[in-house]
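The values are calculated or read from the model by the stated rules, or taken from the named source; none is laboratory data. Everything quoted here is computed from the prediction, not taken from an experiment. Backbone-built Cβ (ideal geometry, glycine too); neighbour counts: all protein chains shown.
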Amino acid sequence: MKNKVELILSELNKVILDKDKTIKLAVTCILSSGNLLVEDLPGTGKSTLCEALARVLGLDFKSIHFTNDLLPSDVIGVNTFNPELGKFKFIEGPLFTNILLVDEINRASSRTQSALLEAMNNKKVSIEGTVLTLPEPFFVLATQNPSDQIGTSPLPESQLDRFLMKISLGNPSRETEINILNGNNLNPKQIKQILNKSEFLEIQKDIEKIRVSRKILEYILDLISFTRQKSPGLSTRAAVGLLKASKAYAFICGDNYIIPDHVQFVFESIADHRINNFGNSNETFSQETLKNVDAIR
């Protein structure tokens, strides 16, 4: 399976050029069963990356573009009355898939955004008193424009916390942009499917077996505790997600146990969208929380 992960990264790098770290973070997020938020300016490849992820993983994929007039029923689905049968029938919305791409999530109303909360956290939805289980696996890959863009509104903290990671692609280098203009990158439909659904689920089971020592658990909680000095800090959900993501990245690296390097690689993408008041404390954070790395190694 390790070879398949390398092939996944290779195929994605044919679509999104010169963004190796960002692609590794995105794959790590998905392998650890996390929802992914991609924030950047329009036209930087956010949706393209999400479509390419679905393609290489061989998972069912649907997308929906969030607008200010979108209703929760447009996402979840609706009960319609069938006069011939004399009963209601539920028509599934795009939510019922393995990977749901929510394009420009912060352009919809808070009412519509809230339709995703139960699905993102519990992998199920409730409609008119009936609980419906979503397909396995299920992930939300969402894109959002920066909050200073016209027509956007900030996501509530409760929803941000349900995204395991937030990443950003940024503008490509000049040489990379020349390659893009020359057509040297592929579109998602041109890359190979590397996994099927059963192989994907098998990899997730292998990731659960990654070993973690007591010292690493203490290290993770040291990081979490330090952020709580900058109220409100990271939640327990974030701590669990940090452990899962560290295991997934260890798997990508070919290791069967977690070391501090794995935790550090994923930490910023897990913490960034949850903490808005870090300010200039990054240097202090580094000194205070990473001081025991050598001992843990």
So if I check each of Arg107, Arg111, which one is out of contact with any Cys (no Cβ under 6 Å at 6 or more places or on another chain), modelled with pLDDT under 90 and surrounded by 14 or more Cβ atoms within 10 Å (Cβ to Cβ)? Arg107
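Each row is one residue, and each column tells you yes or no for (1) surrounded by 14 or more Cβ atoms within 10 Å (Cβ to Cβ); (2) more than 28 Å from Val15 (Cα to Cα).
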{"residue": "Leu132", "(1), (2)": "yes, yes"}
{"residue": "Val140", "(1), (2)": "yes, no"}
{"residue": "Ile150", "(1), (2)": "no, yes"}
{"residue": "Phe163", "(1), (2)": "yes, no"}
{"residue": "Pro172", "(1), (2)": "yes, no"}
Mind counting the residues in region 101-138 that are in contact with a strand residue (DSSP E or B) (Cβ under 9 Å, 6 or more places away or on another chain) and at positive phi? 3
Among the residues of region 139-170, write down those that are under 28 Å from Asp18 (Cα atoms) and either modelled with pLDDT under 85 or part of a loop (DSSP other than H, G, I, E, B) (or both). Asn145, Pro146, Ser147, Asp148, Gln149, Ser168, Leu169, Gly170
Quick check: is even one residue across region 2-16 surrounded by fewer than 20 Cβ atoms within 10 Å (Cβ to Cβ) and under 30 Å from Ser109 (Cα atoms)? no
From the residues in region 10-46 that are over 15 Å from Ile270 (Cα atoms) and among the hydroxyl-bearing types (Ser, Thr, Tyr), which one is farthest from the chain's Cα centre (by Cα)? Ser10
Let me spell it out: the conditions are (1) in contact (Cβ under 8 Å) with a residue 24 or more places away in the chain; (2) in a helix (DSSP H, G or I), and Thr44 meets all of them except one. Which number is the exception? (2)
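Scan region 48-66 and give yes if some residue there is in contact with a strand residue (DSSP E or B) (Cβ under 8 Å, 6 or more places away or on another chain) and polar (S, T, N, Q), otherwise no.
Step one: of region 48-66, the residues in contact with a strand residue (DSSP E or B) (Cβ under 8 Å, 6 or more places away or on another chain) are 49-51, 53-55, 57, 59-66.
Adding the requirement that they be polar (S, T, N, Q) leaves 63.
Yes - at least one qualifying residue is present in region 48-66.
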Reported set for region 47-80 where residues are in a loop (DSSP other than H, G, I, E, B), within 17 Å of the chain's Cα centre (by Cα) and buried (at least 18 other Cβ atoms within 10 Å of the Cβ) is Leu59
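Please go through region 81-105 and pick out each residue that is in contact with a His (Cβ under 7 Å, 6 or more places away or on another chain) and not in a strand (DSSP E or B). Break it down stepwise before answering.
Residues of region 81-105 in contact with a His (Cβ under 7 Å, 6 or more places away or on another chain): 103-104.
Scanning region 81-105 gives a single hit, Glu104.
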Hey, among Asn184, Asn179, which residue is outside any helix (DSSP H, G or I), of a type outside the set (A, V, I, L, M, F, W, C) and more than 16 Å from Ile270 (Cα to Cα)? Asn184
Pick out the one residue from Ile180, Ile167, Ile191 that is of a type in the set (Val, Ile, Thr) and within 30 Å of Ser114 (Cα to Cα). Ile167
Test: Ser198 is within 22 Å of His262 (Cβ to Cβ), of a type outside the set (Phe, Trp, Tyr), assigned to a helix (DSSP H, G or I) and free of Cβ contacts under 8 Å to residues at least 60 places away in the same chain: no
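Here are some residues: Ile207, Ile275, Ile194, Ile224. Which one is among the β-branched types (Val, Ile, Thr) and more than 22 Å from Lys166 (Cβ to Cβ)?
On the way: Ile207 fails: more than 22 Å from Lys166 (Cβ to Cβ); Ile275 fails: more than 22 Å from Lys166 (Cβ to Cβ); Ile224 fails: more than 22 Å from Lys166 (Cβ to Cβ).
Criteria check complete, one pass: Ile194.
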